[in-house]
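J.: One structure, pasted below without further comment.
What follows is calculated from the coordinates using simple rules that are stated; it is not laboratory data. Owing to the predicted nature of the structure, the values given are computational and were not obtained by experimental measurement. Every residue, glycine among them, receives a Cβ derived from its backbone with ideal geometry; neighbour counts consider all protein chains shown.
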């Protein structure tokens, strides 16, 4: 104590100041650390993680492709060749129209349809490359020899809808749910908060003056750090934007009900009222309007009240894109490519897709009849009947055989029941239509979602309940009779038991009466929305929309499966049972395969044209796998994933 009293005054003050300074440094350090940690957390929260990796196609693809029609979506000239992208993949042509190479989805490319392509030089490259957008596997970049993949960790970021290469090596990316993103070669980030949470359809402009067309929110104009929205209240004919063309101070926005003209960023007028616009192109003093069903329509821009001049060619339906050239204008349609010479009239075909076995790509139902013929139902194109040799195909499409939900061959009668959105159609083995049943014939609804043999007749599922059809006529059952929910998606039969999968749970019917209902709140059922039910030995396997697959034994106990009981959707009636396997098609997660002997689930991704597996069938040792992007088959003995 005495020694401290004898310290000089300045020493005491100095020590005190040092202590205060040290405390200040500590406080500042803690504050800086807290700010740094907070900034890291914010970056982590908003960080879009991704990988850039070489894309190496699978080396041992077990699936064989059953050819579906190529669909042309977009084209670009790259390295003096012409490339065309579509759901089936990428095709390379020389400038004379000869096909040079094909890169097929699920084989040389990821198992996802291509939705867009463009030529650009990205920030991680030193030369222009071909940039391709996929529906669910991110971005592909092609240098003419090999592909690399920009693969975001978030599935919503991988769901790309549009791409636009801009200056400084940047790539603008349109998505279904995340709005507009920007890739600069090092990171993927949001372009601006006002452009988030949009379903983007089309992009035009650049990263400082950008027009964004959306699915249902009109068009947005991003410029000067802000965004302006234009919808029906501001003059847009329709909130769905299909195409955008920029021309100096004037811009044109195409919708299913016409074209909106903007002058200096402000709505001016509507052109081509009523046209279902799919693409736009400025050609001199007229606007070329590509349409869904009227070919190419010329709209003069100099008249106060512009007229319309359609080409009237059915070949030019479903116009996808215009391409300007020194010799004239090219138009890409879903089914070909055409040229309009600069000083000529009429469109000349210059490219067309390869011949295909099937009539469409979007498959919704499959079945094999007793003669080994494969029946292929489509989402909106009727059905195909393929004989065993697959050399000739019968296509059936009419007002009833249109949107096919389920195909059930009847081994006893040799007929085939086809459940459609417009009734139940009975067809002969040769594809002839024998009978159509609708509400007028006793069904509880016209829309039939499933059909199975039950008792001495049929059980027919609809969104309004069940109809039983036999020799005594038709009788219906719905919630009033004890059904857990009226909206029935799937049916399964084992002996006298009929399992009814609905939007609100699972009902068990025996001898025509409801014996038991299972719901997620009162049983071990994980999800009320039931999409598929199949008997497997002494139990049932139940597919759901949201919780994958669960098992149900005869005592009413549910069990979960490793891998298969998960947050995923089983597509309606996309389950198949064979003596060795159970197969399940998912919405975006590939094909699930259950080995009955080993009691183990595995997943197959490679070789599928899409991860959205919609239908399954077995015939002559093959398993047929239908997707929303085509059909493949695999020998059952090669099913081991």
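J.: Sort 352, 145, 186 by Cβ crowding within 10 Å, fewest neighbours at the top.
T.: On the way: 352 15, 145 5, 186 10.
Fewest-to-most Cβ neighbours within 10 Å comes out as 145, 186, 352.
J.: Which distance in Å, rounded to a whole number, links the C-alpha centroids of the stretch 174-216 and the stretch 593-622?
T.: 36
J.: With no solvent and one point per C-alpha, what does the Debye sum give as log10 I(q)/I(0) for the stretch 508-641 at q = 0.10, 0.15, 0.18, 0.19 Å⁻¹?
T.: Log10 I(q)/I(0), no solvent term: -0.31, -0.69, -0.96, -1.06.
J.: Once you have the alpha carbon radius of gyration of the stretch 363-574, what is it after dividing by 2.2 N^0.38 Å, with N set to its residue count? All intermediate terms of the calculation are to be shown ahead of the outcome.
T.: Working: Rg = 16.9 Å, N = 212, 2.2 N^0.38 = 16.8 Å.
In units of the globular-protein estimate, the stretch 363-574 measures up at 1.01.
J.: Between rounded, prolate and oblate, where does the stretch 50-340 land on the alpha carbon gyration tensor, with a ≥ b ≥ c its root eigenvalues, rounded for a/c under 1.5, else prolate if a/b exceeds b/c? Can you show the working numbers first?
T.: Working: a/c = 1.87, a/b = 1.28, b/c = 1.46.
Note, shape of the stretch 50-340 comes out oblate.
J.: While we're on this one: How large is the direction-averaged shadow of the alpha-carbon convex hull of the stretch 110-151, in nm²? If you can, show how the numbers build up before the last one.
T.: Values: hull surface 11.4 nm².
With every direction weighted equally, the projected area is 2.9 nm².
J.: Continuing with the same structure: Take the alpha-carbon centre of the stretch 244-283, take the same for the stretch 47-123, and report the distance between them in whole Å.
T.: Each part's Cα centre sits 30 Å from the other's.
J.: So what is the 222 nm mean residue ellipticity for the chain from helices alone, if each DSSP H run of at least 4 adds -39500 (n - 2.57) and you divide by all residues, rounding to the nearest 500 deg cm²/dmol?
T.: Values: 3 runs with 46 residues, N = 641.
It comes out at -2500 deg cm²/dmol, rounded to the nearest 500.
J.: How high is the relative contact order of the stretch 363-574? Use alpha-carbon pairs under 8 Å, at least six apart in sequence, and give a whole percent.
T.: 9
J.: For 466, 122, what's the fewest-to-most ordering of other Cβ within 10 Å of each Cβ? List each step's numbers first, then the result.
T.: Details: 466 26, 122 21.
Neighbour counts put them in this order, fewest first: 122, 466.
J.: Going by average Cβ neighbours within 10 Å, how do the peptides 570-577, 415-422 rank, with the highest at the top? Intermediate results must be reported in sequence, preceding the final value.
T.: Values: 570-577: 25.2, 415-422: 22.2.
Highest mean packing first, the order is 570-577, 415-422.
J.: In which sequence would 93, 378 go, from the one with the fewest C-beta neighbours within 10 Å to the one with the most? Can you show the working numbers first?
T.: Working: 93 18, 378 23.
Arranged by neighbour count, lowest to highest, 93, 378 become 93, 378.
J.: Moving on. Please work out which option in (i) 81, 64, 53; (ii) 80, 71, 41; (iii) 112, 91, 51 gives Cα extents along the principal axes in Å calculated from these coordinates, and answer with its label.
T.: (iii)
J.: Return a whole-number percent for the relative contact order of the stretch 215-296, with Cα pairs under 8 Å and 6 or more residues apart as the contact set. Don't jump to the answer; show the numbers that get you there.
T.: Working: 186 pairs, mean separation 16.5, N = 82.
Computed over the stretch 215-296, the figure is 20 percent.
J.: If you don't mind, there's one more thing I want to ask. Please compute the contact order of the chain in relative form: average sequence separation of alpha-carbon pairs under 8 Å and at least six residues apart, divided by the residue count, as a percent.
T.: On the way: 1726 pairs, mean separation 50.8, N = 641.
The value is 8 percent.
J.: Oh, and also: Is the shape of the stretch 77-183 rounded, prolate or oblate, going by the alpha carbon gyration tensor and its root eigenvalues a ≥ b ≥ c, with a/c under 1.5 for rounded and a/b larger than b/c for prolate? Don't jump to the answer; show the numbers that get you there.
T.: On the way: a/c = 2.00, a/b = 1.32, b/c = 1.52.
Judged from the Cα gyration tensor, the stretch 77-183 comes out oblate (a/c at least 1.5, b/c at or above a/b).
J.: How big is the convex hull of the Cα atoms of the stretch 179-222, per residue, in Å³? Each step should come with its number before you reach the end.
T.: Numbers: hull volume 3.0 nm³, N = 44.
Per residue, the Cα convex hull of the stretch 179-222 comes to 69 Å³.
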